[in-house]
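Okay, structure first, notes after.
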Amino acid sequence: MTDSGPRVVVIGAGIIGQSTAYYLAHAGAAVTLMDSDDGPSPTSRSSLGVLTHAYGADDAYSSFYRDCHALHEPLSALLLQETGIDVGWRPLGGIDLAFDEGEAGTLRDWVDLNLSRGAEAEWLDESTLREAEPGLTTAALGGARFPQDGRVDPVRLGTALRVAAQKRGTVVRTSTTVTEIRPLDGGVDCHLAMASGECTESYDVAVVTTGAWTGELAPSVRVRPIRGQSGFFSGVHVRHVLRWGGLHALPDGDDTLVGGTVDEVGFDLTTTDAARQELMAWSGRLFDPAPSLRQLRAGLRPKPRRGRPVITPLETGTLFVATGHYKSGILMGPHTGQVVARWIMEGSPGRDMSPFTIAR
Ligand SMILES: Cc1cc2nc3c(=O)[nH]c(=O)nc-3n(C[C@H](O)[C@H](O)[C@H](O)COP(=O)(O)OP(=O)(O)OC[C@H]3O[C@@H](n4cnc5c(N)ncnc54)[C@H](O)[C@@H]3O)c2cc1C
């Protein structure tokens with residue numbers, strides 16, 4: 001323990017690690033943020049950053065999700081003040097598209113369910129849809145609009161969180177791989193591998209935020225890497241987050257970002273011809289004229305067992321894990337970091353975290 005608070009090492013500088021470091025630094029911890037890589041993680045770089053609205057009930061998981069969504073707007077304003085970085089939070093609204101009567105019927109029911117749960121939703125007929133999104137083909141019959149859907153730029157959000165944390169004293173160490181964590185009485189030892197050699201360092205608390213790689217340091221946490229690919233398209237401009245068949249399109253500067261494919265191939269980050277074809281066929285179906293693909297990127301989503309993240313102490317007070325956010329890590333990252341920081345600094349997460357234990 002230092003005069004300024006506990007010495008905490010956050011292992012893994014993706015969105016979850018950067019969020020955790022940010023809130024810990026705000027709360028007065030002496031933070032070291034380590035990553036084996038240098039620069040934004042491939043997962044953040046390929047991520048779309050869609051912030052899908054909350055439509056759940058009031059159970060512990062749904063209320064956590066709702067708070068995750070609600071945090072983005074005030075956090076983006078705060079980060080702009082703290083760092084001058086616009087993290088790209090935009091209340092774009094989202095539209096799920098229907099291309100046949102079956103899909104239209106399902107989406108109308110989806111609108112009703114959302115309205116019954118207090119979310120904003122409306123059905124758009126063909127002509128209203130066309131006014132909202134002039135680039136769509138005439139094959140789209142209508143859509144379900146959800147005004148509370150938004151978007152944040154994953155890389156800019158991560159950068160702003162890290163820069164703000166550094167301004168409050170966080171030390172960032174890149175090209176540093178943690179190979180082992182040994183819990184001690186009242187702390188942890190971390191064995192590190194760097195270009196300059198190996199060493200062991202002691203901290204009061206360690207937080208494992210290594211995404212798809214979590215099993216290497218915390219074998220009791222089962223997370224699988226699920227590759228996702230996304231691509232920048234030019235030649236079409238969209239205004240909303242558009243969804244159909246599991247893929248999304250959204251505005252990103254002068255481009256349209258389209259993603260994300262899903263395949264399970266282990267720790268393989270190569271981009272593939274199959275994903276290129278899938279994204280091009282999808283864009284050709286939605287837009288007229290078909291846009292062209294400029295650049296493809298791949299990332300590894302950390303997929304947990306039973307669909308929910310794992311956010312829990314592994315050793316009381318000294319070793320925590322926050323991982324397994326799968327398709328919602330950008331949305332859930334900041335509030336996850338906020339809760340973990342509170343857990344470390346105050347001894348309690350301040351909310352019901354039972355949905356996020358290992359044995360749920
Ligand atoms: C194509 C695609 C689209 C997506 N779209 C969305 C979306 O629209 N909305 C949304 O909310 N989410 C989305 N996601 C999911 C989201 O991006 C992830 O859930 C999130 O980025 C995971 O963050 P993380 O910090 O857990 O992992 P990562 O970003 O993978 O970070 C883990 C870090 O740990 C480091 N590391 C690993 N092992 C070690 C070690 N031993 N020592 C030191 N460092 C280590 C790695 O180098 C890496 O930087 C998408 C993902 C993909 C791939």
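The values are calculated or read from the model by the stated rules, or taken from the named source; none is laboratory data. Because the structure is a prediction, the values reported are computed rather than measured. All Cβ positions, glycine included, derive from the backbone under ideal geometry; neighbour counts span all protein chains shown. Surface accessibility is based on the protein's heavy atoms, side chains included, excluding ligands, DNA and RNA. Shrake-Rupley method; radii C 1.70, N 1.55, O 1.52, S 1.80 Å.
Of all residue pairs spaced 6 or more apart or on separate chains, those with beta-carbon atoms under 9 Å, a first member in the range 205-225 that is without any contact (Cβ under 8 Å) to a residue 24 or more places away in the chain and a second member that is open to solvent by less than 20 Å² (accessible area, probe 1.4 Å) and in a loop (DSSP other than H, G, I, E, B) are 215/221. Taking residues in the range 259-275 that are away from the ligand (no atom under 11 Å from the Cβ), and partners anywhere that are open to solvent by 70 Å² or more (accessible area, probe 1.4 Å) and at pLDDT 95 or above, the pairs with Cβ atoms closer than 7 Å and at least 6 places apart or on different chains are 264/224.
Among the residues of the range 166-187, those that are more than 14 Å from the ligand (Cβ to nearest atom) and surrounded by 15 or more Cβ atoms within 10 Å (Cβ to Cβ) comprise 166, 168, 170, 187. Number of residues in the range 322-349 that are open to solvent by 10 Å² or more (accessible area, probe 1.4 Å), of a type in the set (S, T, N, Q) and either within 18 Å of residue 227 (Cα to Cα) or within 11 Å of the ligand (Cβ to nearest atom) (or both) equals 1. Note on the range 268-312: among residues that are assigned to a loop (DSSP other than H, G, I, E, B) and out of contact with any helix residue (DSSP H, G or I) (no Cβ under 7 Å at 6 or more places or on another chain), the one that is least open to solvent (accessible area, probe 1.4 Å) is 272.
Taking the listed residues 136, 161, 157, 113, the one that is farther than 23 Å from residue 65 by Cβ and touching a residue at least 24 places away in the same chain (Cβ under 8 Å) is 136, with no other qualifying. Inside the range 202-222, can you point out the residues that are more than 9 Å from the ligand (Cβ to nearest atom) and open to solvent by less than 40 Å² (accessible area, probe 1.4 Å)? Hits for the range 202-222 are 203, 204, 205, 206, 207, 215, 218, 221. A Cβ distance below 8 Å, combined with a sequence gap of six or more or placement on separate chains, defines the contacts here; from the range 1-26, residues that are farther than 16 Å from residue 312 by Cα and more than 11 Å from the ligand (Cβ to nearest atom) reach residues that are of a type outside the set (Val, Ile, Thr) and modelled with pLDDT under 95 in the pairs 7/1.
Just one of the listed residues (97, 48, 107) is open to solvent by less than 40 Å² (accessible area, probe 1.4 Å), in a loop (DSSP other than H, G, I, E, B) and either within 30 Å of residue 127 (Cβ to Cβ) or at pLDDT below 95 (or both), and it is 48.
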